[in-house]
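Enquirer: Let me begin by handing over the structure; questions about it come next.
The values are calculated or read from the model by the stated rules, or taken from the named source; none is laboratory data. All figures in this text were calculated on a predicted structure; none of them were measured in a lab. Please note: Cβ atoms are built from the backbone with ideal geometry, for glycine as well, and neighbour counts cover all protein chains shown. Heads up: the accessible areas ignore ligands, DNA and RNA and are worked out on the full protein's heavy atoms, side chains in. Shrake-Rupley method; radii C 1.70, N 1.55, O 1.52, S 1.80 Å.
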Amino acid sequence: LRLNELFTAVLGHDLRAPLSAILTGASLLEQRSNDPVVRDVAARIGSSGRRMNRMIADMLDVARARLAGGIPIARQRADAGRLVQRVVQEQQAAFPQRTILVEHDGDLSGRWDPDRIAQIASNLVGNALVHGDAAAPVSVRLDGSRPDVVTVAVETEGTIERERLPRLFEPFGGVVQPAGRGNGLGLGLFIAQQIAQAHAGHIRVRSTDGRTVFELSVPRG
């Protein structure tokens, strides 16, 4: 098992070099060609390459979590409100037909790894958009009223089966993706929980009465 994990880590790392060349070539073709067919093909190559890049990033994060005793983080001063707002803007661009409501309360500053906190937020908001009721808004609430902890709660309509809840944060234990949607490896919630734990925090989920809430709690550091 350890040899297999080492192989996964090395493979994930080494795949990035040829993938970078593919993405660069696709970008150049799309920018410099006047042929609409070539531009369309280049755009699809770029989109597939970026999706593959996200999968490779997940593979590397799992390898770090299992081989290095946890996902490494680089703490610095950060504002959770700004990080989450950036994530919401990105998700809103990807899902223009959906409504995302954001509420802020209190001091949202702390010492965290900003890229990793944004990664958690992106996973939770993205999951809510994909798996929640498409007709209902996604609600994101940030609470910095406590002196020691900041929380980010992502709520949507829809429930998760009770038998799935204990396994949500295990590798491949998350909610089944809709047919035809192959944007990930089923590792997002596992990685998000590992990042939260690296910050001495955690993610909890409640799913009752037609509503599901994922709540991230992280000490200010």
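Enquirer: Quick check on R51: is it touching a Gly at 6+ places or on another chain (Cβ under 9 Å), open to solvent by 70 Å² or more (accessible area, probe 1.4 Å) and of a type outside the set (F, W, Y)?
Expert: Criteria met by R51.
Enquirer: For segment 121-221, which fully contained strands (runs of 3 or more DSSP E) count at least 2 residues that are among the hydroxyl-bearing types (S, T, Y), surrounded by 15 or more Cβ atoms within 10 Å (Cβ to Cβ) and at pLDDT 90 or above?
Expert: Per the criteria, 149-157, 211-219.
Enquirer: Among the residues of segment 1-16, count how many are aliphatic (A, V, I, L, M) and open to solvent by 70 Å² or more (accessible area, probe 1.4 Å).
Expert: 4
Enquirer: Could you check segment 57-78 and list, in sequence order, the residues that are modelled with pLDDT of 85 or more, more than 16 Å from the chain's Cα centre (by Cα), hydrophobic (A, V, I, L, M, F, W, C) and open to solvent by 30 Å² or more (accessible area, probe 1.4 Å)?
Expert: A74
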